[in-house]
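Here is the structure we will look at, set down as structure tokens.
What follows draws every value from the coordinates through simple rules; no lab data is involved. Keep in mind the model is a prediction, meaning the values are calculated, not measured. Positions of Cβ are backbone-derived with ideal geometry, glycine not excepted, and every protein chain shown enters the neighbour counts.
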Amino acid sequence: MRRFLLFLLFPLLLGACAADSVWAPQEQVRAAAYRAEGPPSITLFTAVNNRSGAGGHSALMINASQRVIFDPAGTWWHRTVPERHDVLYGITPTMLKFYIDYHARETYRVVAQTVEVSPQVAELALARVQQNGAVPSALCGNAVSGVLQDIPGFESIRGSLFPGRIMDSFGELPGVVTRVYRDDDSNENDQLLIRQQSVSIAAQPSQ
């Protein structure tokens, strides 16, 4: 009965999550691939409600042979960022800024928690999100925690449907570095998304 009640509450508790299944052509994915400078790493993004403190959305950024964002049931997109089953390719510095700016607004702040990993672990994480498949609406936390539990060094992450609990669990990992992004943009960010479409991935500085 408790699980049934929680299921009914998911759309309210995780209102920032939505679902779409998209499969970009291979040539687009290959052309967009972006390799970021810096050590291999895994970053957990959590959108946190500024009023209640509850987590509203979970996503993972993986810096491996290329940098991607696993954005399960997410709503951010850019016309030059190919997507395959919730994996966003071509996460250049500008696209990363756009992603964070879209989620950080007057009602939400974005908490980014980063852990450096070995190249082997980064590649395993990349493969894991690529194999995960599209995530149904409101199940972003379940998908993110499930992926993390399969990655060496992250087995302690407790499975959860609630982004805030995953953030707390991730924060207990050794060496985690946390950064918080805040913005006073309107909660109605459709216009921001439209403005972002005028910027191309091409000719961006490396990071």
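Worth a mention:
- The charge dipole of the chain, taken about the Cα centre with unit charges on the Cβ atoms of Lys, Arg (+1) and Asp, Glu (-1), comes to about 180 debye, rounded to the nearest 20.
- Directionally averaged shadow of the chain, computed from the convex hull of its alpha-carbon atoms, nm²: 11.2 nm²
- Nonlocal amide H pairs with Ala24, under 5 Å, H built at 1.01 Å: Glu83, Arg84, His85
- Taken over the C-alpha atoms, region 29-75 has Rg and Dmax values of 13.4, 41 angstrom.
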